[in-house]
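Worksheet for the structure shown next.
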Amino acid sequence: MAKERFDHVAIEKSAQEKWEALDIYTTDLTDSEKEPYYLLFEFPYPSGDLHIGHWFAFALTDIFARFKRMQGKNVLFPMGFDSFGLPAENAAIKNGADPAVWTNANMERMRAQVKTMGTSVDWSKEVVTSSPEYYKWTQWLFSKLYDHGLAYRKEAAVKWCPKDQTVLANEQVIDGKCERCDSEVEEKFLTQWFMGITKYAERLLTDLDPLPWREEMKDAQRAWIGKSEGAKLTFPILFADEAKNEWRDEEGNPAQVAVFTTRPDTVFGATYVVLAPEHPWVTGALEHGTDVFSNEKEVRAYIQETAKKTERERLENKEKTGVKLEGIRAVNPATKGEVPVYIADYVLASYGTGAVMAVPAHDERDFDFAQKFKLPIRHVIEPKFVADGDQAPISGQDFERRESACIVVYNPKDKTYLCNNWKTALMRGLFTGGIDENEDVVEAARREILEETGYTNLRHIERPELHVNTFFFHRMKGVNRWSHFTFVFFELENEDCLPVTDEESALHEIVWKSAEELDDFFTVPEGWFIAKHLDAAEYCYSYDGLLMNSGQFDGKDNREAMSEIIDFVGGEHVTNYRLRDWLVSRQRYWGCPIPVVYDPEGALHLIPSEHLPWTLPTDVDFSLSSESPLATSKELKERVERIFGEGWTPEYDTLDTFVDSSWYFLRYLDSKDENDFSDQSLLKKWLPVNRYSGGSEHTTMHLLYSRFFHKALYDLALVPTPEPFNERFNRGLILGTDGQKMSKRWGNVVNPDEVVAKFGSDAVRMYLAFIGPYNEPGSYPWKLDGAVAMRKFLDRVYQLSEKVSEGELSENERTSLAKAAKKITGDTERFKFNTAISGHMVFVRELESAETVSKEVYLALLTLMAPFAPHLAEHLWERMGGEGSVHTASWPEEIAVEEDTVVIGVQVNGKRRGEIVLAPDASEEEAMEAAKANETIGRLLHEGKVEKVVYVPGRILNLVITRS
RNA sequence: GCUGGAGUGGUGAAAUGGUAGACACGCCUGCCUUAGGAGCAGGUCCCUUCGGGGGUGGAGGUUCGAGUCCUCUCUCCAGCACCA
């Protein structure tokens, strides 16, 4: 027979009315008794309808809000709308709706929907970023940043989304595509507004370290900031036409280019210089000087060609391209030698100085370019290898340097190489040998091969000189050895062989290996390098080693000499970041107007604060144009002239919506204030946000922007903390039933309203909570069966009320409750709602198995369930005669229980073989007695001798037995 | 390529270094009948001669004991990527 099921519609309605009547979710921000707890979730864009993802975001965070509140915290759990943005404007373009009206209607609908979720949001703190009351302060804060040089206008190459008809910030370009609409972005050269986030790069980086965030989030931000340390070096420019060498710039400097490099130690190997095609020096030379470049036509053509390409197209063609700047040469500041200058699109204008010194011998990209353009390759670092393991050098002992030959013998007959497997040591490599005084390397190599292998007919092959250094401990000699190897290449003419002495054959095993087998075969530290460079006439080595061809620095360790070399060439140490300044202007209507006007001379002026909010005009034409829609407003132009005077003009761009969301959590604290953006004493009390929950897509967008914004405000003494958020949790994603991302395109969008109507709001939120751990981002397909199952569980909780009788806790109930409360508390605290709910289920099953249930334990169950199933818990609480609301009841304290027995596992040789029941504090003897009494264990004990007993009371008994 | 993270049943997933697979979904068997998106009971990692034996991507190692720690390796996911 079907059991009675609760009427979720009635229960939800009455519970929500009760909460409203009792006004239990309005937070008194000034309360001085309870500890403040600021719980934040990312406020939504009012797209119109709440989807299941919103439930996942809001209802699950609400679990935690209710939990903390019941724990006696003064919880601030606000919500608002990030209501500026493109969809409103697109709706306006499509069907003529006023973006403000459209947005307001959506917000109205969403507020109602959020209420049906039964969230405990404090709506009295609501912020709406598109309201003039809010954006007045966005403008005011912008002005403050402008005053301190953190908001500025500059002409720069920027990313342009042709579909959204606006520029984008770097963070909003993903794989060369617009983050919003997936269109390929184009590059434009425009004057735009930027925020000086790069000034904060170092602090954004170092302040990340102590934050209690997951490593992957911190790491993504670190990668985005992209710090690299190196040097700025100057390369003077010489002109073929000597008269031009007299040329000086405005500051009186002769022609020169600065390069940024992380490897100033390789400067002696810089055999050419490459500038980005957009490099200002090139542009300048083309503009001013006539015929600076004798191949000017070609240069211009290349610049034009690269300008046309999107970033993507530039990347797609990995083959290096470029053009030599004929008519000029650069001077290598280390060698004083003259080197050619190129422009090439593999050098990015926006990174470093937009110019590089090319060291083909030690940089892969430069190497590729040099190969293609037949440029000289000059090696300035000899590879250095240090053995590890057996052969690792003994520390503190000096190295004995020895000139040696490293001998490559190729047998063309079967395409193999002569290798040496040392019989006396775990060492496999090539044959090598010391070079005696007055001995030629090749002679030495021939002698060595003859002695050790017997091969007599070797033809010497000429190759560019190649050396490596190997540092190891020479076991047989008992010394640290530094072998300075010179490579000698031979080809075997025939396999004629003389006998080898017994002594030699006791040491070496001769092995022939093909090129492919070598890397696996070699165990010597230089092995991988040899395997890679056996045939290459030229090679590139981009790691560490000893300097060569570097004048006074020859023989020094490249890392150690780095600083000295920078000084030697008169360079400076610099740190570079990948992070670019944040481009905040948007050529769109539905955004916060930038509070700036221009005088008749075109000079920029901030709009004085008495004119804020600087409101959006409403008389605009939304038909798509490359111009900002605000430029079509007559009212705006008239307003500017009325206030500032004739000939003054407005700023037509609006702000990126990420500016609005960079400070909304400050406004929640004082959302109605007409005289200030927030309240200092409340900021002091409530910041930083204790826990912030949101999506992982914002790691290098919103989260980075708001950290920057906050730090800037901190420096202006407008906020009391250097970081806005303490804990941050990235939520996962709910997929369609087909496991794909929910999208109208796939027709797999789950409508939460339907499911809620059928199974109730509590069942839906609990199912979402049960689906997986909320403290890590995963993706979960929506399964209706899951919601059905959760409803069944809730029905069981409801049915359990029929068994409730007046009375005290039974001993069993006490034990169950203690266990459940401990588990649920711990798991909820860590956002592990899935296992917390499994705790509820176990607890309920234990109560079901008893004849009756005491009212006390049932009420306790309801408190434990209240954050998860707020409506049902409230209903049953009321029915049980609980006082007030279950949501203002206290969360169960930890209950100490003394169990008289525990079950522990018994392992034999680490494998579980049985279990025994013991007193928790039983002695080892008692444990052994119990173990012997166990049938299986007893038998095993008879099979062998007990060597060792590991007994951890209350946990484990492990017996180590040797079988006889 | 570089940097992080993760690999456990048919599925979502559990396991402070101490009984691997909790809790669910699905599936199987039986019962029940107000036929319901029902309820109840039992089963569900693999092998088994029913005594047991094996098992957390793979190979080693540390430990009385490893899903968990270390080394190597493979695969997948994410971020970055011609960043000098």
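Identify all residues within the stretch A:582-605 that are in contact (Cβ under 8 Å) with a residue 24 or more places away in the chain, farther than 30 Å from A:PRO87 by Cβ and aliphatic (A, V, I, L, M); write none if there are none. Walk me through it before giving the result.
Within the stretch A:582-605, the first condition is being in contact (Cβ under 8 Å) with a residue 24 or more places away in the chain, and the residues that meet it are A:582-600, A:604-605.
If we keep only those that are farther than 30 Å from A:PRO87 by Cβ too, we end up with A:598-600, A:604-605.
A:LEU604, the sole residue that qualifies.
Would you be able to say whether some residue in the stretch A:791-804 is among the basic types (Lys, Arg), within 8 Å of RNA strand B (Cβ to nearest atom), assigned to a helix (DSSP H, G or I) and open to solvent by less than 10 Å² (accessible area, probe 1.4 Å)?
yes
Kindly state which strands (runs of 3 or more DSSP E) lie completely within the stretch A:309-417 and contain at least 3 residues that are within 13 Å of RNA strand B (Cβ to nearest atom) and over 30 Å from A:ASN494 (Cα atoms).
Counting at least 3 such residues, we get A:355-358.
Filter the strands (runs of 3 or more DSSP E) completely within the stretch A:426-519 down to those with at least 2 residues that are open to solvent by 40 Å² or more (accessible area, probe 1.4 Å).
Details: elements: A:431-434, A:458-461, A:467-474, A:479-492, A:508-514.
Filter on the stretch A:426-519 gives A:458-461, A:479-492, A:508-514.
Show the residue pairs meeting these rules: Cβ distance below 6 Å; 6+ apart or different chains; first residue within the stretch A:845-869 and closer than 14 Å to A:TYR798 by Cβ; second residue open to solvent by 10 Å² or more (accessible area, probe 1.4 Å).
A:VAL853/A:LYS803; A:VAL853/A:VAL804; A:TYR858/A:VAL804; A:LEU862/A:TRP877
Which one is farthest from RNA strand B (Cβ to nearest atom) among residues in the stretch A:233-257 that are in a strand (DSSP E or B) and open to solvent by less than 30 Å² (accessible area, probe 1.4 Å)? Steps first, answer last, please.
Residues of the stretch A:233-257 in a strand (DSSP E or B): A:233-239, A:248, A:254, A:256-257.
Among the residues that remain, those that are also open to solvent by less than 30 Å² (accessible area, probe 1.4 Å) are: A:233, A:235, A:237, A:239, A:257.
On the way: A:LEU233: 10, A:PHE235: 13, A:ILE237: 18, A:PHE239: 24, A:VAL257: 12 Å.
In this case the residue turns out to be A:PHE239.
Mind checking which pairs have a first residue in the stretch A:203-230 that is under 23 Å from A:GLY352 (Cβ atoms) and more than 6 Å from RNA strand B (Cβ to nearest atom) and a second that is of a type in the set (Asp, Glu) and part of a helix (DSSP H, G or I), Cβ under 8 Å, 6 or more apart or different chains?
Qualifying pairs under 8 Å: A:LYS227/A:GLU202.
If you check every pair at least six apart or on different chains, which have Cβ atoms under 8 Å apart with a residue in the stretch A:816-834 that is within 13 Å of A:LEU60 (Cα to Cα) first and a residue that is open to solvent by 40 Å² or more (accessible area, probe 1.4 Å) and assigned to a helix (DSSP H, G or I) second?
Going by the 8 Å Cβ cut-off, the qualifying pairs are A:PHE833/A:PHE770; A:ASN834/A:PHE770.
Cβ-Cβ under 7 Å, sequence separation 6+ or interchain: first residue in the stretch A:889-912 and free of Cβ contacts under 8 Å to residues at least 40 places away in the same chain, partner open to solvent by 40 Å² or more (accessible area, probe 1.4 Å) and near RNA strand B (Cβ under 6 Å from one of its atoms). Which pairs?
A:VAL903/A:GLU915
A:ALA112: assigned to a helix (DSSP H, G or I) and over 34 Å from the mean Cα position of the chain (by Cα), yes or no?
Judged against the criteria, A:ALA112 is a match.
Regarding A:ILE510, is this residue over 22 Å from A:ILE377 (Cα atoms) and either in contact with an Asp or Glu (Cβ under 9 Å, 6 or more places away or on another chain) or touching a residue at least 40 places away in the same chain (Cβ under 8 Å) (or both)? Even if it seems obvious, please write down each step before you answer.
Working: over 22 Å from A:ILE377 (Cα atoms): yes; either in contact with an Asp or Glu (Cβ under 9 Å, 6 or more places away or on another chain) or touching a residue at least 40 places away in the same chain (Cβ under 8 Å) (or both): yes.
Spelling it out, A:ILE510 is indeed over 22 Å from A:ILE377 (Cα atoms) and either in contact with an Asp or Glu (Cβ under 9 Å, 6 or more places away or on another chain) or touching a residue at least 40 places away in the same chain (Cβ under 8 Å) (or both).
To keep it simple, each residue is scored yes or no on (1) assigned to a strand (DSSP E or B); (2) open to solvent by less than 40 Å² (accessible area, probe 1.4 Å); (3) within 16 Å of RNA strand B (Cβ to nearest atom); (4) not charged (D, E, K, R).
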residue	(1), (2), (3), (4)
A:LEU861	no, yes, yes, yes
A:PRO867	no, yes, no, yes
A:HIS875	no, no, no, yes
A:SER890	no, no, no, yes
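Can you tell me which residue among A:LEU624, A:LEU612, A:LEU636 is among the aliphatic types (A, V, I, L, M) and modelled with pLDDT of 90 or more?
A:LEU636
If you check every pair at least six apart or on different chains, which have Cβ atoms under 9 Å apart with a residue in the stretch A:528-550 that is under 16 Å from A:PHE471 (Cβ atoms) and assigned to a loop (DSSP other than H, G, I, E, B) first and a residue that is open to solvent by 40 Å² or more (accessible area, probe 1.4 Å) and of a type outside the set (Phe, Trp, Tyr) second?
A:TYR543/A:LYS384; A:ASP544/A:LYS384; A:ASP544/A:ARG559
Which of the residues belonging to the stretch A:290-349 are over 23 Å from A:LEU168 (Cα atoms) and of a type in the set (Phe, Trp, Tyr)?
Passing the criteria: A:PHE293, A:TYR302, A:TYR342.
The values are calculated or read from the model by the stated rules, or taken from the named source; none is laboratory data. Everything quoted here is computed from the prediction, not taken from an experiment. So basically every Cβ, Gly included, is an ideal-geometry build from the backbone, and we count neighbours across all protein chains shown. The accessibility values were calculated without ligands, DNA or RNA, using every heavy atom of the protein model including side chains. Shrake-Rupley method; radii C 1.70, N 1.55, O 1.52, S 1.80 Å.
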